[in-house]
Amino acid sequence: MQKLAGLGSTWDEVAQTLDTLRREALVMGGPAAVQKQHDRGRLTPRERIDLLLDQDSFRELGELVVGTVVVPGRPDRPAPADGIVVGWGTVNGRRVFVLADDGTIAAGARGLAANHKSDVVSLLATNSGFPLVWFAESSVNRMQHVMGAQFAGELERPTGMMLPSRANGGRVSPMIVAVSGQSVGRSSFAVTLSEFSTMVRGTSSMALAGGSIVRAAVGRAVTQEELGGAEMHGRITGIADFIGDSESDSVHAIKRFLGLFPNHSAEPPRRIVSDDPGNRLCPELYDIVPLLYRRAYDMRKVVKVIVDNGDFLEVKRDFARSMICAYARIDGWAVGIVANNPLFAAGAVEPSGMQKLLRFVQVCNRYNMPLVFLQDQPGVMVGPDVEAQGVFRHVQRLSAGLRRLTTPIITVLVRKNYGFSYMLLGSRWTGGDSVVAWPSASISLAGPEAGIATVLANEERAGTLTDERRSVVLQAYLDEAQAKHAAHDGRLDDIIEPDQTRRHISRQLEVFARRRPDTITSAKPGIDP
Amino acid sequence: MTVRPAYEAISKRFIAELIPSRPSPTELAPGLPFHTGANTVVNVIHWRGAEQIQELERCRRRKLPTVIVIDPGSRDTAWLPGAWLESDAVLSAPVIAVAVGQEVSLPLDWAQAGPDIVARQLGSMDQEIDADLTAQTPEELAALVDRALRVLTADPATTEPSSGRLSDLVPLDLETSYSMDSVVERLLDPGTILELRRPQAPELLTAIGRCGGTPVAVLASRPAVERGWVHSVSLPRIQRFLSLVGNLRLPLVTVVDSLGVEWGKDPGALETMRDVLLQLQSLEVLKCSLLAGRVYGTAAALFGAVSARADYIMAWPRAVVSRTMSDASGENGDGTSAFPAPERSVMTAARDALVIEVVHPDETRRVLLEIVNMTRSPGLEDPHD
């Protein structure tokens, strides 16, 4: 009679053995490795999962997986769970799938079994339509599996390194990547395809290759922070969406993101009952926004006033600061807010801002989240610096992307709205469903100073331009640019008082946000990496 | 024309059992739905001829289960598959064709396409069309159709757990026989299992049932029948079953304990196998595979353990996976195995994550409940409340 060798001779004994084997997976890299992880200011994968998920909701998969760490010249070491913990649970009662790289084992480098586990959970999340959260702390696969020609097989896996299926317009679920430690290779690529990503100051980094490979390849010694720390990706590259001061911060942001988004792209975001009434007036806006168009102010204060309870989740806060992109709720409706910030470069639209904006609206569009544009910008930034960045290309890319949006767009013109960027940022030309303006708003090809510089250039060169003449022309331009002229001609929907802004947006959302996803084209554009 | 009144009586008996409040087929108001004995709302059409195509279309657009009653007096039954194929309406509710009375002529291609379930009264001369459900009398037939409707029209309230431990049914060793039917009954909600095409391919169990209130399809091998060998002539039964699974988008649960596929002398068997595997791969439903015992050779692919893009593969600790059965038969001659036992054990596969979970038999139903109900999100209200 065949027995279950090593497991027991009765089903009860087998049950006990399975329990023992499952508990062995919980040790991760061992107490010393766990302590080292903590000394680095990092949590273990199981601690991260506990932080994210509702208590006792985690259901782990692949508990019996054991890999091996092979380093030439050293004894092989077992790798419990093969370096990744996977499963599902709930966040505020809603199902979420999780992957958490185990930095306590071989610096998070994965074995082949870890890849299988990851594939199972990723596909299960996609096929059943639920978000996936990945705590990334991984240095790709273990070298024993990818050095040599065997690497060719790596790209044949169902999810592969690039997760290509996520770059198309098919039904997908949000993928959130929390870069929780040193992350190179696959997890870094995944960040560029994710809907939301976070990093932690001082402890997380993200790069194509680690410091040792950089040193070997280009002969330069760099720290992980220099290579791809939170400062780099939060401020310079803009790849990370949120930079937290701690892992708790990061997880809190992820929970806020999940709370705003639907489970997948074929359903609308959930509206909640808000204790902040949609018809609330906002008289504070009169004090926040100066009438004089050349005076700066912080548009974030405007956003804070019009959203529910002043709460919004800003993405890429320190990158392209003249462009604000934030998720929030207005009268319980989840919305994506795009706003120029006159505090930086007078709100001018720069190539980096266009990049930030395009990705943001693509994410909103994919998940049927209405967009609210608050315009106050002097136009696209000009000058040799932006020309060197290929500003034309950025404008066209943004233009093409915006014109493919199908989600509702509600636009409020606050003050100056000049140039081609006026057309790009929520106008009717890019599909604005409702476009209104404050009385202070002005619309023109260019600001009045730019107009004067052009039409009076000869007089200025000849030295015959007087202050009086300049004032007369300036006033003429200011008068002609008033938004009320556009409203009279029907090129705007209405002129509203600033304190009516929230009320107006709420009413528009009642109409447009109820547009069912199945009435919108299913061929949604993908998200640019 | 004179044959009709004689068979009307038979149809009347069937409909009277299925819809107690509407005893007469002539009283069926075209296009109105009815309540069965289990209070399931269905469309019922007593098929007279092609002139009822529009009525059929109205029923389909209503997206309710539809029962089409066919008797020897029915004309133009060949139109029915065509109606399905030509219609633009999305098939999202089961269609059950019921042949009552003897000598009922049914389209031959219904074996491959057409109604989701074909039920027939035995004794018909037209035996070339296989039926999914059979019974001797119209009353028994109505009871079977009613059971099928209860399974397929999901009622989340029926989540009553099964009684009894699976470990009492399943032996630890691979040689002792056990009843796969009893195992599947314990995995599903009590009293919901309904086997389709029972007289054919006795080594296979193709059934529908509910798991935690969710309608599911079950494809299993019967290890008590020739140690689970699947005969290649049985493959069409699987094809037909997988068509039902795909049409109705039922989660598919496969349970395998089989020595493999016996190819026989049929030259077309390989092609049929290829078609079955492609069909299995292309099914866009949740697929959960349980390796229950021996999983040898092509049986591994046939029951979704490999290359079928199963969403979830779990195994009992007693399971073994191998390419061939030569090691099990001890063909080495000296009693040793061609492959060392640990490499065949499913524990090895679990260590490498090729099997995502090894479950104790008593845990199986709990895991299955989680998987088949995966698409239901807890706590999700209507987003436009």
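The values are calculated or read from the model by the stated rules, or taken from the named source; none is laboratory data. Treat the numbers as computed from the prediction; the structure is a model and nothing was measured. Reconstructed Cβ throughout: ideal geometry from the backbone, glycine too, with neighbour counts over all protein chains shown. Just so you know, the surface numbers come from the protein's heavy atoms only, side chains and all, with ligands and any DNA or RNA stripped out. Shrake-Rupley method; radii C 1.70, N 1.55, O 1.52, S 1.80 Å.
Segment A:419-511: D in µm²/s via Stokes-Einstein (Kirkwood Rh, Cα pairs, 20 °C, 1.002 mPa s)?
Answer, rounded: 141 µm²/s.
Which length gain, in nm to one decimal place, applies between A:ARG220 and A:ASP287 when the Cα-Cα distance is subtracted from 0.36 nm times their residue separation?
Using 0.36 nm per residue and subtracting the Cα-Cα distance, I get 18.9 nm.
Taking θ = phi - 60°, what integer Hz values does the Karplus form 6.51 cos²θ - 1.76 cosθ + 1.60 yield along segment A:42-50, in sequence order, with x for Gly and Pro?
Here the 3J(HN,Hα) series is 10, 8, 7, x, 6, 5, 5, 5, 4 Hz.
Quick one: compute the contact order of chain A, relative version, from alpha carbon pairs under 8 angstrom and 6+ residues apart, as a percent.
Relative contact order here is 10 percent.
Give me the one-decimal nm value for the distance between modelled label points at B:ARG366 and A:ASP528, 7 Å along each residue's Cα-to-Cβ direction.
5.0
Pull out the extension gain between A:LEU51 and A:ASN92, defined as 0.36 nm times the separation in residues minus the alpha carbon to alpha carbon distance; nm, one decimal.
Result for the pair: 13.6 nm of gain on full extension.
Can you send over the solvent-accessible area of A:LYS301, 1.4 Å probe, protein chains only, in Å² to the nearest 10?
110
Using only Cα atoms, what Kirkwood radius does chain A have, in angstroms?
Numbers: mean 1/r = 0.0395 Å⁻¹.
For chain A, inverting the mean 1/r across all distinct Cα pairs yields 25.3 Å.
Label B:GLU57 and A:VAL71 with points 7 Å out from Cα along Cα→Cβ: what is the distance between them in nm?
Reported label-point gap for B:GLU57 and A:VAL71 is 7.3 nm.
Run down the lysines and flag those whose C-alpha is under 27 Å from the C-alpha of A:LYS301, throwing out any fewer than 8 positions away in its chain.
Reachable lysines: A:LYS255, A:LYS316, A:LYS356, A:LYS416, A:LYS484.
Helix A:501-512 versus the longest principal axis of chain A: what is the Cα-based angle in degrees, 0 to 90, to the nearest 10?
60
Helix A:467-480: angle to the longest alpha-carbon principal axis of chain A, degrees 0 to 90, nearest 10?
Helix A:467-480 sits at roughly 60 degrees to that axis.
Am I reading the A/B interface right? What is its buried accessible area, both sides, 1.4 Å probe, to the nearest 100 Å²?
When A and B are taken together, about 3700 Å² of accessible area is lost.
Find which of A:LEU465, A:VAL386, A:ASN92 sits farthest along the positive direction of the dipole of chain A, computed with +1 on the beta-carbon of Lys and Arg, -1 on that of Asp and Glu, about the Cα centre.
A:VAL386
For segment B:191-317, what mean projected area does the convex hull of the alpha carbons give, in nm²? Don't skip to the end; give the middle numbers.
Values: hull surface 29.9 nm².
About 7.5 nm², averaged over all directions.
Give, rounded to the nearest 20 debye, the magnitude of the charge dipole that segment A:1-139 has about its Cα centre when Lys and Arg contribute +1 at Cβ and Asp and Glu contribute -1 at Cβ.
The dipole magnitude comes to about 280 debye.
For segment B:151-254, state which GluC sites (Glu not before Pro) are in a DSSP loop and have at most 15 other beta carbons lying within 10 Å of their beta carbon.
B:GLU175
Cα axis of helix A:247-260 to longest principal axis of chain A: angle in degrees, 0 to 90, nearest 10?
Its long axis makes an angle of about 60 degrees.
Along the Cα→Cβ direction, 7 angstrom out, place labels at A:GLU24 and A:VAL382. What is the inter-label distance in nm?
7.2
State the percentage of accessible surface on segment B:189-301 attributable to carbon and sulfur atoms; use a 1.4 Å probe and exclude ligands, DNA and RNA.
Roughly 56 percent of what the probe reaches on segment B:189-301 is carbon or sulfur.
B:ASP275: accessible area at probe 1.4 Å, nearest 10 Å²?
That residue has around 60 Å² of solvent-accessible surface.
Show B:LEU235, B:LEU283, B:LEU277 ordered by accessible area, largest first, where the area counts protein heavy atoms only and the probe is 1.4 Å.
Largest accessible area first, the list is B:LEU277, B:LEU283, B:LEU235.
Set the Förster radius R0 to 41 Å, insert the Cβ-Cβ distance between B:ASP76 and A:ARG404 as r into 1/(1 + (r/R0)^6), and round the FRET efficiency to 0.05.
On the way: r = 49 Å, r/R0 = 1.19.
It comes to 0.25.
Using R₀ = 22 Å, calculate the FRET efficiency as 1/(1 + (r/R₀)^6) where r is the Cβ-Cβ separation of B:SER163 and A:ASP12; round to 0.05.
On the way: r = 19 Å, r/R0 = 0.86.
It comes to 0.70.
Could you pull the accessible area for B:GLU51 with a 1.4 Å probe, rounded to 10 Å²?
120
What does the accessible area per residue of segment A:17-69 come to in Å², with a 1.4 Å probe and no ligands, DNA or RNA counted?
Working: 2630 Å² over 53 residues.
About 50 Å² of surface per residue is accessible.
Cut-off under 18 Å on the C-alpha distance; same-chain residues fewer than 8 positions from A:LYS36 excluded. Which aspartates and glutamates are left, in chain and number order?
A:GLU47, A:ASP101, A:ASP102, A:GLU137, A:GLU247
If you plug each phi of segment A:190-195 into the Karplus form 6.51 cos²θ - 1.76 cosθ + 1.60 with θ = phi - 60°, what whole-Hz ³J(HN,Hα) values come out, in order, with x for Gly and Pro?
Once θ is set to phi - 60°, the couplings for segment A:190-195 become 4, 4, 6, 9, 7, 7 Hz.
Tell me the per residue accessible area of segment B:219-319 using a 1.4 Å probe; a whole number in Å² is fine.
Per residue, segment B:219-319 has 33 Å² of solvent-accessible surface.
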